[in-house]
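I'd like to ask some things about the structure below.
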Amino acid sequence: MGLEEYKGVFVFAQQVDNVLDGVAFELLGKAKDLAKDLSTEVTAVLIGSDVKGLADQLAEYGADRVIVVDDPELKEYRTEPYAHALASVINEYKPEIMLVGATAIGRDLGPTVSARVATGLTADCTVLEIGDFPINPTANQEQKHNQLLMTRPAFGGNTIATIACPDNRPQMATVRPGVMQKIAPIEGAKANIVEFNPGFTPDNRYVEILNIVKAVKNTADIMDAKVLVSGGRGVGSKENFKLLDELAEVLGGTVSCSRAVVENGWQPVDLQVGQTGKTVRPQIYFAIGISGAIQHVAGMEDSDLIVAINKDEDAPIFDVADYGLVGDLNKIVPALTKALKEEMNKK
């Protein structure tokens with residue numbers, strides 16, 4: 001493989017029902033940083049049916065070019081036609097880096113495509129940067145420059161691994177939604193559109209979709225919340241979450257939780273924050289009865305302001321908190337709720 005043939009940072013711009021997923025904009029933001037370090041351009045790969053009209057929106061969030069693969073076979077996501085589309089784009093345009101969101105679609109599409117184009121894939125990355133590999137020079141081993149260093153939690157979050165793919169291209173990674181930050185939209189940006197269609201011939205690997213049933217969720221999307229009141233095992237019971245509900249209501253916020261809470265059946269998985277849940281960046285994050293295991297901290301440490309309430313003064317959560325209250329949450333939370341109500345009634 002002639003690695004010098006591979007240029008540019010590509011992003012799979014996921015869309016469903018002709019609506020772009022937020023992770024596409026987040027990946028474009030990170031792609032801009034990587035492309036700057038490599039003195040190259042950012043390309044969004046838009047796959048679907050009648051999706052060309054979304055191209056300018058991708059340009060507004062940082063895409064220098066948009067490759068559009070538009071075909072009726074791509075109306076709904078199916079592994080085979082989408083994998084054929086993205087693998088064909090990679091083989092034709094030879095990107096140096098290919099980023100995919102670690103959504104339900106991306107986690108299916110990414111590894112399928114990486115196998116087809118004979119390269120590696122690092123899943124669920126939390127940090128992406130350009131650097132040397134090996135990071136520390138090693139005797140009798142060439143240190144390669146301008147490599148994509150892909151960092152992700154490993155062994156259940158107990159360690160952090162930095163991975164590179166120095167001998168194959170493209171360098172592929174999936175990134176969880178909420179981890180990277182999108183740029184401020186560039187008003188009036190217009191996409192440089194390249195239309196590409198490798199042709200689609202349905203075969204026995206093409207799944208036939210008989211019906212699509214969309215579930216109606218009653219839970220708020222915690223990734224959009226400005227204020228999160230998050231509870232852990234220390235809350236004690238499902239009934240005790242009423243205290244957090246009342247605090248969240250006063251603050252105009254949303255309740256979220258740790259993995260232990262979901263495993264106990266106290267809250268639905270849609271509200272879980274952490275490595276195996278969602279990554280959030282609210283303006284204020286209340287960590288109530290949460291010990292602060294690395295798996296949870298990974299999902300909320302970039303919050304603007306973190307307030308921790310825990311009876312254990314040595315709880316790791318206090319290491320990342322801006323403000324900490326040591327004591328019984330059953331006394332502190334109602335008192336805090338009452339004080340906030342009184343303050344708001346004065347205004």
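The values are calculated or read from the model by the stated rules, or taken from the named source; none is laboratory data. What you are looking at is a predicted structure, and each value in this text was computed from that prediction instead of being measured. Ideal geometry is used to build each Cβ from the backbone, glycine not excepted, and the neighbour counts take in all protein chains shown.
One line per residue, one yes/no per condition, for (1) closer than 20 Å to Met344 by Cβ; (2) of a type in the set (Ser, Thr, Tyr); (3) modelled with pLDDT of 95 or more:
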residue: Met223; (1), (2), (3): no, no, no
residue: Lys226; (1), (2), (3): yes, no, no
residue: Val229; (1), (2), (3): yes, no, yes
residue: Glu263; (1), (2), (3): no, no, no
residue: Val269; (1), (2), (3): no, no, no
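While we're looking at this one, here's another question. Report yes if some residue within segment 184-191 is in a strand (DSSP E or B), in the same structural domain as Glu92 (by TED's automatic domain parsing), under 22 Å from Val42 (Cα atoms) and not basic (Lys, Arg); otherwise report no.
no
So, one more: Count, please, the residues in segment 91-118 that happen to be out of contact with any strand residue (DSSP E or B) (no Cβ under 6 Å at 6 or more places or on another chain) and farther than 17 Å from Ala24 by Cβ.
Residues flagged as out of contact with any strand residue (DSSP E or B) (no Cβ under 6 Å at 6 or more places or on another chain) and farther than 17 Å from Ala24 by Cβ within segment 91-118 amount to 10.
Next question, about the same structure. Consider Asp132 carefully, then state whether it is surrounded by fewer than 17 Cβ atoms within 10 Å (Cβ to Cβ) and free of Cβ contacts under 8 Å to residues at least 24 places away in the same chain.
Spelling it out, Asp132 is indeed surrounded by fewer than 17 Cβ atoms within 10 Å (Cβ to Cβ) and free of Cβ contacts under 8 Å to residues at least 24 places away in the same chain.
Okay, next question. Which residue pairs have Cβ atoms closer than 6 Å, lie 6 or more positions apart in sequence or on different chains, and pair a first residue in segment 71-98 that is on the phi > 0 side of the Ramachandran plot with a second residue that is assigned to a helix (DSSP H, G or I)?
Pairs that qualify, where the first residue is on the phi > 0 side of the Ramachandran plot and the partner is assigned to a helix (DSSP H, G or I), are Lys94/Glu5.
Turning to a different aspect of this structure: Given the condition among the aliphatic types (A, V, I, L, M), in the same structural domain as Ser114 (by TED's automatic domain parsing), under 20 Å from Val89 (Cβ atoms) and part of a strand (DSSP E or B), answer yes or no: does some residue in segment 153-166 qualify?
Taking every residue of segment 153-166 in turn, none turns out to be among the aliphatic types (A, V, I, L, M), in the same structural domain as Ser114 (by TED's automatic domain parsing), under 20 Å from Val89 (Cβ atoms) and part of a strand (DSSP E or B).
Residues are listed down the side, and each one gets a yes or a no for (1) modelled with pLDDT of 95 or more; (2) under 20 Å from Glu96 (Cβ atoms):
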site	(1), (2)
Leu27	yes, yes
Ala31	yes, yes
Leu34	yes, yes
Ser39	no, yes
Thr43	yes, yes
Leu46	yes, yes
Lys52	no, no
Ala55	no, no
Glu60	no, no
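Would you call Asn168 in contact (Cβ under 8 Å) with a residue 60 or more places away in the chain, over 22 Å from Phe196 (Cα atoms), over 24 Å from the mean Cα position of the chain (by Cα) and surrounded by fewer than 19 Cβ atoms within 10 Å (Cβ to Cβ)?
yes
Return yes when Lys214 is more than 30 Å from Cys125 (Cα to Cα), surrounded by fewer than 18 Cβ atoms within 10 Å (Cβ to Cβ) and of a type in the set (D, E, K, R) and no when it is not.
For Lys214, the condition - more than 30 Å from Cys125 (Cα to Cα), surrounded by fewer than 18 Cβ atoms within 10 Å (Cβ to Cβ) and of a type in the set (D, E, K, R) - is not met.
Report whether or not Ser237 is surrounded by fewer than 18 Cβ atoms within 10 Å (Cβ to Cβ), assigned by TED's automatic domain parsing to the domain that holds Thr337 and among the polar types (S, T, N, Q).
Yes, satisfied.
Next question. Has segment 94-103 got any residue that is buried (at least 20 other Cβ atoms within 10 Å of the Cβ), closer than 22 Å to Gly2 by Cα, touching a Cys at 6+ places or on another chain (Cβ under 8 Å) and not polar (S, T, N, Q)?
Checked against the condition, which is being buried (at least 20 other Cβ atoms within 10 Å of the Cβ), closer than 22 Å to Gly2 by Cα, touching a Cys at 6+ places or on another chain (Cβ under 8 Å) and not polar (S, T, N, Q), segment 94-103 yields no hits at all.
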